[in-house]
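This report concerns only the one structure given below.
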Amino acid sequence: MRIGQKLREAITSSFIEVRLDEDTPAPVVPVAATPVALPELVPQQVVAPEPEPVREPEPDPLAPPDISATITPDGNLNDQVIYGSANLSQAPFTAEQAIEVLIEMPYGVTARGRCQAMEQAISVTTNDPSSAGHLVVSDAAQKMVALNQYLTRNREQLKTFRRNIAEEMERLHERLNQLRILVDETNANHQALEEAARVRVDNLTGVIAFFDEFQAYLRQQEEENNPQETGELPAYLREDTARKLLKIDKEAA
């Protein structure tokens with residue numbers, strides 16, 4: 001058997017016969033739609049703009065130091081303002097309380113009487129007057145230091161204020177002198193303008209007066225040079241002029 005024939009038989013035997021009905025359409029097998037994954041919608045975060053920093057107004061160099069809160073309405077020092085920035089130790093009996101006790105003592109009381117009065121006042125707050133006395137001294141010393149520091153700061157502020165005021169007054173004084181010089185120069189220039197304008201007005205008035213005379217001169221020259229054109233003789237050639245000069249009456253003639 002030939003090789004070509006064997007090959008044809010092998011190919012034919014490997015095919016499966018399938019009957020196809022030309023009139024019957026092939027069944028349509030539905031294909032399930034593959035779901036498409038949609039991207040998740042992430043809510044967009046709105047970033048609020050950062051607030052601009054609030055700029056504190058620059059202090060006025062000409063403003064005086066404000067010490068209105070330092071003195072209470074009754075004329076005493078405001079301890080909260082004076083000692084507010086000081087780190088003071090706590091004392092059961094303060095220096096201010098000791099001051100009140102000493103001030104209220106009558107005149108002429110003995111040293112023993114003063115000590116007894118102070119001991120009685122301290123006993124209201126503590127049972128250890130000796131320790132309270134040491135604490136009162138420490139409290140008074142700390143407050144003296146704090147008061148001195150406050151006064152030093154206030155004096156520096158006052159010194160700066162006076163220096164700024166002096167510089168401002170010097171600047172204003174210089175500005176005042178400049179304005180005075182400006183006024184004097186402006187007045188001088190105005191006076192020069194007035195004088196120059198007066199001279200110019202006088203000259204213009206003279207020109208107007210001269211050219212009135214000049215126009216009359218030109219008319220006279222024209223009349224003398226062209227007497228026939230005007231149809232009128234010059235005044236010195238007229239008969240009435242001659243009669244007037246000779247004092248001859250026309251009727252008598």
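Report, in debye and to the nearest 20, how large the dipole of region 65-180 comes out about its Cα centre when Lys and Arg carry +1 and Asp and Glu carry -1 on their Cβ. List each step's numbers first, then the result.
On the way: 11 positive and 14 negative charges, 113 e Å.
That gives region 65-180 a dipole magnitude of about 540 debye.
Can you give the accessible area per residue of region 65-180, in Å², using a 1.4 Å probe?
In whole numbers, region 65-180 has 75 Å² accessible per residue.
The values are calculated or read from the model by the stated rules, or taken from the named source; none is laboratory data. Note that the structure is predicted; figures quoted are calculated from it, not measured. Using ideal geometry, Cβ is built from the backbone for each residue, glycine included, and neighbour counts are taken over all protein chains shown. Please note that ligands, DNA and RNA were not included when accessible areas were found on the heavy atoms of the full protein model with its side chains. Shrake-Rupley method; radii C 1.70, N 1.55, O 1.52, S 1.80 Å.
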